[in-house]
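Reviewing the structure listed below.
The values are calculated or read from the model by the stated rules, or taken from the named source; none is laboratory data. Just so it is clear, the model here is predicted, and its values are computed rather than measured. All Cβ positions, even for glycine, are placed from backbone atoms using ideal geometry, and neighbour counts span all protein chains on display. Please note that ligands, DNA and RNA were not included when accessible areas were found on the heavy atoms of the full protein model with its side chains. Shrake-Rupley method; radii C 1.70, N 1.55, O 1.52, S 1.80 Å.
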Amino acid sequence: MSDMPKSVRINEEGPREGFQIESAAIPTARKVELIDALSETGLRHMQIVSFVNPKRVPSMADAEQVVAGFKPKPGVDYTGLWLNEKGLERARTTGKLALEGKISIYASEKFSTRNNNRTTAQEFEYARRVLDRYKEYGIPVERGSIASAFGCNFQGDIPTSTVLDIVRRIFEIAEENAIVLKEISLADTMAWATPLSIKRTVGAIREKYPDMRLNLHLHDTRGMGIANAYAGLEMGVDMFDACVAGLGGCPFAGHKGAAGNVCTEDLAFMCEEMGIKTGLDLERLLDCARLAEDIVGHPLPGSVKFGGSLGKLRAAAQ
């Protein structure tokens with residue numbers, strides 16, 4: 001338990017990853033409503049849209065309109081996702097987002113081809129090419145990111161050795177470009193991870209790069225999200241991506257039905273009850289979770305929004 005962090009940063013991705021998988025057309029105004037509500041919860045980092053081909057992800061066709069509509073709160077970084085140079089240009093044109101570059105590679109070549117239409121070799125070529133754009137535009141690059149790091153519906157289990165090799169190559173690219181990476185993100189894109197595989201992969205990376213900050217992006221498709229987050233905490237991970245109310249999932253991951261990301265308010269509840277500070281207002285997060293459920297028009301998997309926090313129960317018991 002000695003590796004447990006004293007505080008964690010939770011990055012909210014519900015407005016982007018959450019809405020991208022919804023089949024119904026969600027009005028732009030309602031997306032903005034959720035972003036503005038989340039801005040009042042203490043979150044410091046939110047990914048709110050993705051700049052992708054609207055023919056492939058119709059729910060993100062209004063990305064520019066969403067960015068134009070929300071009200072930025074001082075101290076909060078609002079970001080977007082892009083997968084190619086065209087998406088980057090769209091993000092830049094908004095003039096309203098915090099642009100964050102990263103060196104991002106898929107551990108599964110089959111999923112990379114399916115999601116990005118690029119082989120692993122082409123992914124590395126793109127990673128090097130886009131760095132020139134980041135330099136030109138003055139966009140900081142501080143993160144290396146590995147998607148499908150624990151397993152893939154189309155390729156099967158991902159060996160830890162494969163992840164370690166990708167991390168090594170990411171650091172080589174960074175060094176070639178005089179970039180100092182501050183964090184490595186591991187994404188369980190298709191929910192193959194278990195607490196054991198989290199500990200095994202995180203432990204292997206920490207052994208080679210003991211000073212590198214790690215981030216986990218966890219999906220809850222098989223109910224392992226919170227358990228995997230706990231395993232990450234035990235390994236000293238202090239940064240997590242999450243989606244309010246358990247929204248989310250990748251539309252190209254091959255799941256039937258909503259996949260769901262690890263739930264923001266459930267993760268915050270667990271951390272705070274364990275004495276790990278999040279800086280988040282749980283009651284406001286619960287309001288946002290209920291709002292998200294109202295917006296999508298169907299039940300969402302988050303648990304604490306039903307059970308409630310313990311603060312009021314403790315007060316009533318005294």
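Scanning segment 6-38 for residues that are under 12 Å from the mean Cα position of the chain (by Cα) and free of Cβ contacts under 8 Å to residues at least 60 places away in the same chain yields one hit, PRO15.
Residue-level check: of (1) open to solvent by 10 Å² or more (accessible area, probe 1.4 Å); (2) free of Cβ contacts under 8 Å to residues at least 40 places away in the same chain; (3) in contact with a strand residue (DSSP E or B) (Cβ under 9 Å, 6 or more places away or on another chain), GLU100 misses just (2).
Looking at VAL163, VAL202, just one residue is part of a helix (DSSP H, G or I) and more than 27 Å from GLU85 (Cβ to Cβ), and that residue is VAL202. Scanning segment 201-242 for residues that are of a type in the set (Gly, Ala, Ser) and surrounded by 19 or more Cβ atoms within 10 Å (Cβ to Cβ) turns up GLY225, ALA229, ALA231, GLY232, ALA242.
Comparison of LEU300, LEU291 shows that the only residue that is at pLDDT below 95, closer than 19 Å to LEU34 by Cα and open to solvent by less than 60 Å² (accessible area, probe 1.4 Å) is LEU300.
Among the residues making up segment 135-151, those that are part of a strand (DSSP E or B) and more than 15 Å from LEU164 (Cα to Cα) are VAL141, GLU142, ARG143. Across segment 221-232, the number of residues qualifying as part of a loop (DSSP other than H, G, I, E, B) and more than 16 Å from SER148 (Cβ to Cβ) comes to 1.
The set of residues in segment 62-97 being assigned to a loop (DSSP other than H, G, I, E, B) and either open to solvent by 10 Å² or more (accessible area, probe 1.4 Å) or touching a Cys at 6+ places or on another chain (Cβ under 7 Å) (or both) consists of ASP62, LYS71, PRO72, LYS73, PRO74, GLY75, VAL76, LEU83, ASN84, GLY95, LYS96, LEU97.
If you go through segment 180-200 and keep only what is surrounded by 20 or more Cβ atoms within 10 Å (Cβ to Cβ), modelled with pLDDT of 95 or more and closer than 30 Å to ARG133 by Cβ, you end up with LEU181, ILE184, SER185, LEU186, ALA187, ASP188.
Can you tell me which residue in segment 103-134 is surrounded by the fewest Cβ atoms within 10 Å (Cβ to Cβ), limited to those that are in a loop (DSSP other than H, G, I, E, B) and free of Cβ contacts under 8 Å to residues at least 24 places away in the same chain? Looking at residues that are in a loop (DSSP other than H, G, I, E, B) and free of Cβ contacts under 8 Å to residues at least 24 places away in the same chain, I get ASN117. Checked against the criteria, VAL130 counts as closer than 30 Å to ALA68 by Cβ and not basic (Lys, Arg).
Of everything listed in (1) open to solvent by 30 Å² or more (accessible area, probe 1.4 Å); (2) under 21 Å from the mean Cα position of the chain (by Cα); (3) within 27 Å of ALA191 (Cα to Cα), the single unmet condition for PRO140 is (3).
Among the residues of segment 160-169, are any without any contact (Cβ under 8 Å) to a residue 40 or more places away in the chain and hydrophobic (A, V, I, L, M, F, W, C)? No, segment 160-169 contains no residue that is without any contact (Cβ under 8 Å) to a residue 40 or more places away in the chain and hydrophobic (A, V, I, L, M, F, W, C). Assess whether GLU17 counts as being out of contact with any Pro (no Cβ under 9 Å at 6 or more places or on another chain), at pLDDT 95 or above and either buried (at least 20 other Cβ atoms within 10 Å of the Cβ) or of a type outside the set (D, E, K, R) (or both). Here the answer is no, as GLU17 does not meet what is asked.
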